[in-house]
Amino acid sequence: MATHRTYLDWNATALLRPEARDAMLRALEGPGNASSVHAEGRAARQLIESARAEVAALVGARPVQVTFTSGATEANTMALTPSVGGAGRRDRLFVSAVEHPSVLSSGRFAPEEVEILPVDADGVVDLDALRIALARSDRPLVAVMLANNETGVIQPIAPIAQIVHEAGGLLHVDAVQGAGRIECDIEVLGADLMSLSAHKLGGPQGIGALVRRNDIQVEPLIRGGGQERGLRAGTENVAAIAGFGAAARAAAAGRQAEATRMADLRERAEAGLKAAFPQAVIFGEGAARLPNTSLFAVSGLKAETALIAFDLNGIALSSGAACSSGKVAASTVLKGMGVEPALAAGALRLSLGWSTGEHDIEKWLAALTKVVSGLLIKQQNPVMAA
Ligand code: PMP
């Protein structure tokens, strides 16, 4: 990352932690194929298994519960399958309205088997609506994320798990944005399945994991050579797995101190935003949120134009969902929360991470006044701007 840049888009991807980089460089130095019995093969196996233990520790699981995948998109797709858990078919999939597209696309369920669970104005799943919805299924599978990628809003997973289990269901939790940032113990949360992605916690892109409760069976998406106990075939990406393990360990070790530091920086950013633009709206402000995330809008501002202006000022931000290949599409999350489309079109996301410091927030606040005031004047007087 060029040093003159201010990177505030950690929910899209976190910068690689030095610990992860070192582990990856060491792993690239030459272990063999982890399926080989010779010393080189055993060295690769050793790297994979110690990374598995580090990832398991991050979520309070045992290593055997962790299956490495190409990322959370794959882990979500693998989990959302009618055969999950064995002993007959899950007849219905319920997903919250604010899920990531990789969950909303509903894995291996047919579209007519999927129902959307409503959320309140802060984006939190409505527990009464959940109870009522679950009565429509004998064997439900429910997917609710731990924390939202756009707003940072945290879902009440433990109470949700209780409701789901009482209804005879299984709960899948996309924990991509919460893991390493807030408590994410699979037992404490009561999740049956959980997805993780290395690149949101300072590991490399293209590696993730599906973590399962001990007895939950899953159906492989990719069959072949029997790797990952037959659950995910293909020669393992040893360097990426080693980087994931190192990032998971570093994130777990610094989690509590980092959460306080992030919350202070975010508070400073939001106080500065409100002082400069009292009409600014912060989405999900009334709910528990990740300490590193702020999604806001200033009425009259278009996110796409603002993003470009911030970028030209050396600042990387996002308009909420970055997943649509450079396109700034309308946010389904804000739609689910009932936000007016005109306001949603101006939503900008600030997300912080391990290398963010006070100077980054100061730089952002200085640019904010310049960029937003400039754009609001231009948008109100288009002729003058031409
Ligand atoms: N779920 C959430 C909540 C995410 O934020 C993301 C990444 N944008 C994913 C899933 C997909 O993860 P991956 O990039 O590892 O496929």
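Read through the list (1) touching a Cys at 6+ places or on another chain (Cβ under 7 Å); (2) open to solvent by 20 Å² or more (accessible area, probe 1.4 Å); (3) closer than 22 Å to Arg249 by Cα, then give the number of the only condition that Val59 fails.
Condition (2) is where Val59 drops out.
Examine region 289-303 for a residue that is in contact with a strand residue (DSSP E or B) (Cβ under 9 Å, 6 or more places away or on another chain), surrounded by fewer than 17 Cβ atoms within 10 Å (Cβ to Cβ) and under 30 Å from Gly357 (Cβ atoms), and state whether such a residue exists.
Taking every residue of region 289-303 in turn, none turns out to be in contact with a strand residue (DSSP E or B) (Cβ under 9 Å, 6 or more places away or on another chain), surrounded by fewer than 17 Cβ atoms within 10 Å (Cβ to Cβ) and under 30 Å from Gly357 (Cβ atoms).
Checking the condition assigned by TED's automatic domain parsing to the domain that holds Val164, surrounded by fewer than 16 Cβ atoms within 10 Å (Cβ to Cβ), at pLDDT below 95 and over 21 Å from Gly206 (Cβ atoms), which residue from Asp126, Asp91 passes? Step through it out loud before you land on a result.
On the way: Asp126 fails: at pLDDT below 95.
Unique residue meeting the criteria: Asp91.
Return the only residue of Asp185, Asp215, Asp174 being within 14 Å of the ligand (Cβ to nearest atom) and assigned by TED's automatic domain parsing to the domain that holds Ser137.
Asp174
Of the numbered conditions (1) within 12 Å of the ligand (Cβ to nearest atom); (2) of a type in the set (A, V, I, L, M, F, W, C); (3) open to solvent by 20 Å² or more (accessible area, probe 1.4 Å), Ala253 fails exactly one; give the number of that condition.
Just one mismatch for Ala253, condition (1).
Collect the residues in region 94-108 that are within 16 Å of the ligand (Cβ to nearest atom) and not polar (S, T, N, Q), keeping them in residue-number order.
Val95, Ala97, Val98, Glu99, His100, Pro101, Val103, Leu104, Gly107
Take Ala248 and decide whether it is in a helix (DSSP H, G or I) and either within 15 Å of the ligand (Cβ to nearest atom) or surrounded by fewer than 24 Cβ atoms within 10 Å (Cβ to Cβ) (or both). Please lay out each step first, then the result.
Details: in a helix (DSSP H, G or I): yes; either within 15 Å of the ligand (Cβ to nearest atom) or surrounded by fewer than 24 Cβ atoms within 10 Å (Cβ to Cβ) (or both): yes.
The answer is yes for Ala248.
Tell me the residue from Pro204, Pro159, Pro111, Pro118 that is within 16 Å of the ligand (Cβ to nearest atom), over 15 Å from Ala75 (Cα atoms) and open to solvent by 10 Å² or more (accessible area, probe 1.4 Å), please.
Unique residue meeting the criteria: Pro204.
So for region 135-147 (the condition being without any contact (Cβ under 8 Å) to a residue 40 or more places away in the chain and either among the charged types (D, E, K, R) or more than 16 Å from the ligand (Cβ to nearest atom) (or both)), does at least one residue qualify? Explain how you work it out, then say what you get.
Step one: list which residues in region 135-147 are without any contact (Cβ under 8 Å) to a residue 40 or more places away in the chain, which gives 135.
Next, only the ones that are either among the charged types (D, E, K, R) or more than 16 Å from the ligand (Cβ to nearest atom) (or both) stay: 135.
Yes, region 135-147 contains a residue that is without any contact (Cβ under 8 Å) to a residue 40 or more places away in the chain and either among the charged types (D, E, K, R) or more than 16 Å from the ligand (Cβ to nearest atom) (or both).
Evaluate region 223-242: report whether one residue or more is among the hydrophobic types (A, V, I, L, M, F, W, C), in a helix (DSSP H, G or I) and surrounded by fewer than 17 Cβ atoms within 10 Å (Cβ to Cβ).
no
Answer yes or no as to whether Leu365 is at pLDDT 95 or above, surrounded by fewer than 20 Cβ atoms within 10 Å (Cβ to Cβ) and closer than 30 Å to Ala250 by Cα.
yes
Of the residues Ala175, Ala198, Ala179, which single one is touching a residue at least 40 places away in the same chain (Cβ under 8 Å), crowded, with 24+ Cβ neighbours inside 10 Å and in contact with a Phe, Trp or Tyr (Cβ under 6 Å, 6 or more places away or on another chain)?
Ala198
So Arg268 fits all but one of (1) open to solvent by less than 30 Å² (accessible area, probe 1.4 Å); (2) out of contact with any His (no Cβ under 6 Å at 6 or more places or on another chain); what number is the exception?
So the condition that Arg268 fails would be (1).
Could you check region 271-304 and list, in sequence order, the residues that are touching a residue at least 40 places away in the same chain (Cβ under 8 Å) and within 11 Å of Leu348 (Cα to Cα)?
Those that are touching a residue at least 40 places away in the same chain (Cβ under 8 Å) and within 11 Å of Leu348 (Cα to Cα): Val281, Phe283, Thr293, Ser294, Leu295, Phe296, Ala297, Val298, Leu301, Lys302, Ala303.
What's the total number of residues in region 137-150 that are within 11 Å of the chain's Cα centre (by Cα) and either among the basic types (Lys, Arg) or assigned to a loop (DSSP other than H, G, I, E, B) (or both)?
5
Being out of contact with any Cys (no Cβ under 6 Å at 6 or more places or on another chain), among the aliphatic types (A, V, I, L, M), in the same structural domain as Leu80 (by TED's automatic domain parsing) and open to solvent by 10 Å² or more (accessible area, probe 1.4 Å) is the requirement here; does Leu193 meet it?
Numbers: out of contact with any Cys (no Cβ under 6 Å at 6 or more places or on another chain): yes; among the aliphatic types (A, V, I, L, M): yes; in the same structural domain as Leu80 (by TED's automatic domain parsing): yes; open to solvent by 10 Å² or more (accessible area, probe 1.4 Å): no.
No; evaluated as a whole, the condition is false for this residue.
The values are calculated or read from the model by the stated rules, or taken from the named source; none is laboratory data. This structure is a prediction, so every number in the text was calculated from the model and none was measured. Note that we place each Cβ from the backbone using ideal geometry, even for glycine, and neighbour counts take in every protein chain shown. Heavy atoms of the whole protein, side chains included, go into the accessibility calculation; ligands, DNA and RNA do not. Shrake-Rupley method; radii C 1.70, N 1.55, O 1.52, S 1.80 Å.
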